[in-house]
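Notes follow once the structure below has been shown.
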Amino acid sequence: MKTQYYTATSLDGFIATKDDSSDWLFPLGNPSDTSYPSFIAEVGALAMGSATYEWMLRHADQVAAEMGASWPYSQPTWVFSRRVLPLLGGADIRLVRGDVRPVHAQMRAAAGLKNIWIVGGGDLAGQFCDAGLLDEVIVQVGSVTLGQGRQLFPRRVTSPPLRLVSVHQFGTTFAELRYELPRSGRTGAG
C-alpha cells in the first residue's frame, strides 16, 4: 500500500489557475488515454482539499462527460475543509479538518491493501509529505503554461531529492513523471 499524490500540472508547475480552475486540462486529452485507468483501479481511499472538491461540484456535468459520472469515485473520500460543504448524494464523502495523521490512519483502514490517492491540492499533498506519509508523486505534465496559479507542490524537498522512478509519454500533450519520496530528509513547508 502506498500513499500517492497523482495529479496533472502545467509545464510551469501549476495544477490550477489562481481562481482554482482546472479547465485548462480538458482540451489536452481524455484521462483514459493516460495511466489513470490502471492507477484508479489500485486506489482504495481518496483525500482532497476543499478547492478541489468544490471545483468538482461546480463542474459535475463536465466531469460526468469526461469520466462517466458526476462523482466518478466509488472509493471513500475524505475532504479536508475548515468550512461546512454540501455533500454529493450517493457518494461516500467524509468532511474532516486538522492534522492529516489521524485521518491517514482511517484512510489506511478503509483502503485495505489498496493505495491512498491524494487528489489535490498541492498544499494538502504537502501536509501528507510534512507528516512523512507520502510515498510517491505521480505527475502528468501537460503541454501548456499558465503563468500563475496554484502550485503543484508548495514544499521544499531538497536533500535527499525525490527519486525519479519512471517517465512515460502519453500522446503529444502529456509526459508522466513518477517519483519516490525519500523517507528521511524531508523538510517542512517552504
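Data for the structure
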| item | result |
| --- | --- |
| Test: Gly132 is under 12 Å from the mean Cα position of the chain (by Cα), closer than 26 Å to Ala105 by Cα and not acidic (Asp, Glu) | no |
| Among the residues listed as Thr145, Thr158, Thr172, the single one being closer than 23 Å to Ile40 by Cα, hydroxyl-bearing (Ser, Thr, Tyr) and either assigned to a loop (DSSP other than H, G, I, E, B) or free of Cβ contacts under 8 Å to residues at least 12 places away in the same chain (or both) | Thr172 |
| For Val165: the one exception among (1) surrounded by 16 or more Cβ atoms within 10 Å (Cβ to Cβ); (2) assigned to a strand (DSSP E or B) | (1) |
| Some residue of the stretch 103-114 being basic (Lys, Arg), within 16 Å of Ile40 (Cβ to Cβ) and out of contact with any His (no Cβ under 9 Å at 6 or more places or on another chain) | yes |
| Ser159 being within 23 Å of Asn30 (Cα to Cα) and surrounded by fewer than 16 Cβ atoms within 10 Å (Cβ to Cβ) | no |
| Subset of the stretch 22-41 [of a type outside the set (A, V, I, L, M, F, W, C) and farther than 16 Å from Glu66 by Cα] | Ser38 |
| Scan of the stretch 101-139 for residues that are touching a Lys or Arg at 6+ places or on another chain (Cβ under 9 Å), modelled with pLDDT of 95 or more and in a strand (DSSP E or B), ordered by number | Asn115, Ile116, Glu136, Val137, Ile138, Val139 |
| Residues located in the stretch 129-141, provided they are touching a helix residue (DSSP H, G or I) at 6+ places or on another chain (Cβ under 6 Å) and more than 15 Å from Tyr179 (Cα to Cα) | Ala131 |
| Cβ-Cβ under 6 Å pairs, at least 6 apart or on other chains, the stretch 4-17 side touching a residue at least 40 places away in the same chain (Cβ under 8 Å), far side among the polar types (S, T, N, Q) and assigned to a strand (DSSP E or B) | Gln4/Asn115; Ala8/Gln140; Ile15/Thr7; Ile15/Thr9 |
| Filter result (of a type in the set (A, V, I, L, M) and within 11 Å of the chain's Cα centre (by Cα)) within the stretch 45-66 | Leu46, Ala47, Met48 |
| Restricting the stretch 74-84 to residues that are modelled with pLDDT of 95 or more and in contact with a helix residue (DSSP H, G or I) (Cβ under 7 Å, 6 or more places away or on another chain), the residue that is farthest from Arg108 (Cα to Cα) | Ser81 |
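The values are calculated or read from the model by the stated rules, or taken from the named source; none is laboratory data. As the structure is a prediction and not an experimental result, all values here were calculated from the model. For neighbour counting, all protein chains shown are included, and Cβ atoms are generated from backbone atoms with ideal geometry for every residue, glycine included.
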